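Written below as C-alpha cells is the structure these notes are about.
Any read-out appearing in this document is the output of simple, stated calculations on the displayed coordinates, not a laboratory observation. Given the structure is predicted, the values throughout are model-derived calculations rather than measurements. Every residue, glycine as well, gets a Cβ built from its backbone with ideal geometry; the counts of neighbours run over all protein chains shown.
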Amino acid sequence: MSAELTWLGQAGFRIGVGGLNLLIDPFFSEYEARLFAPPDPAPFATGVDFLLITHEHLDHLDTGFLPTLAEHSPGATVVLPTPHAEQVEVRDSGLTTIGVQPGETVELSDEVTLEVLPAWHGFEVADGYTEGRGDDGLGHARFVGYVVRTAGLSVYHSGDTIVTEGLRESVARASIDVALLPINGRDYFREAAGLVGNMDAREAVKLSEEAGVRLLVPMHWDLFAGNTVRPGIAIDEAAEGSALHVLTLARFAPMPLPAFPPRSSA
C-alpha cells in the first residue's frame, strides 16, 4: 500500500496512508523564538481525518491551529493523551476528541490502526523524566507515542522522550518500519534554562538498530535557538556496518514511503 510522509518542521508530520490524511504534532502558530516562519496552515489543515497529539507542549499541541483545522476539516478527530482531552481550547474547538493511553489501539479505518506507546518526558525539567502519571489523580500518562500501522508499513512517532528500558521494550515489540525520533538530546545547560530534553542522535540510532527499524527520520532538531543539533550526526552514527537507513527530510516536501517486505520469522 502506498503512503506519503511530509515533514512540517520540528516534530510535525503529515502522513497519507490507506486513504487517510493524518497530522502528528504540527506547529503552525507564530512564536517569537521560532528560527523559521510557519507556512500558511490552510493547505495542511484541508482534508485531514485525524490530528494526533503526543503531549501538551506548545510545539506539539498547537491550540492556535485548532480553529483552522475545524474550519478546513470539520470532520477531523483529535487523538491525544487522556489528561488533555478536556483542555478548554481542545474541547471548545468543536472537533471530536479521543483520549488515549499507552497500550491502547484505535481503529482509524478498516485498513489503518493506531497503537499507543509510552513516552518519558516532562512538562518542566522539575517533573521529568516520567510518563507523567498521576497529575489528574487517575494515573493517566501525559506523554505518548504512536504507531500508525497498515499492510506492509508501520510508522512510529515517539513524541518527546528519552530512552528508558520501558521504551526499548515497547519499541522492540512494535515491529516498526519507519521511526520518527527526536535527536536534540539533553544537557546540563539546556535543563538549567528550563528546556526538557530528549534522546540524542546516538541513542535514536541505537534504539532503532536494536529494534530492527528499517528507516530512521530524525526530528526535533531545527526550530528553537539553543536547542538545535546537526541531523547528520545520526547519519554518522549509523554509517558503519549498519542495516539502518537514516534519512533527513526537507520541510514541506512530500516523500513516498514504500510497502516493506515481510520480516523474516527466523
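Quick notes on this structure:
- In plain terms, the residue of F252, F224 with the fewest other Cβ atoms within 10 Å comes first and the most crowded comes last, giving F252, F224.
- CD proxy at 222 nm, helix term only [per DSSP H run n ≥ 4: -39500 (n - 2.57); per residue of the chain; nearest 500]: -4500 deg cm²/dmol
- Other-chain or far-sequence residues with amide H under 5 Å of G145's (modelled H): L117, A119
- Burial ranking of peptide ranges 183-193, 213-223 (average Cβ count within 10 Å, highest at the top): 213-223, 183-193
- The phi-based Karplus calculation (6.51 cos²θ - 1.76 cosθ + 1.60; θ = phi - 60°) puts the 3J(HN,Hα) values of the stretch 138-154 at 10, x, 7, 6, 8, 10, 9, x, 9, 10, 8, 10, 8, 4, x, 7, 9 Hz, whole numbers, x for Gly and Pro.
- Among R251, R34, R263, R142, sorting on how many other beta-carbon atoms sit within 10 Å of each Cβ, with the fewest leading, yields R263, R251, R34, R142.
- Whole-Hz Karplus values for the stretch 179-184 come out as 10, 9, 10, x, 9, 6 Hz, taken residue by residue from phi with 6.51 cos²θ - 1.76 cosθ + 1.60 and θ = phi - 60°; glycine and proline positions read x.
- Exposure proxy ranking for L52, L257, L35, based on other Cβ atoms within 10 angstrom of each Cβ and starting from the fewest, stands as L35, L257, L52.
- Bridge type composition, the chain - antiparallel percent by DSSP, nearest 5: 60 percent
- Extension reserve of the F260-D127 stretch, reckoned as 0.36 nm per residue once the Cα distance is removed: 44.0 nm
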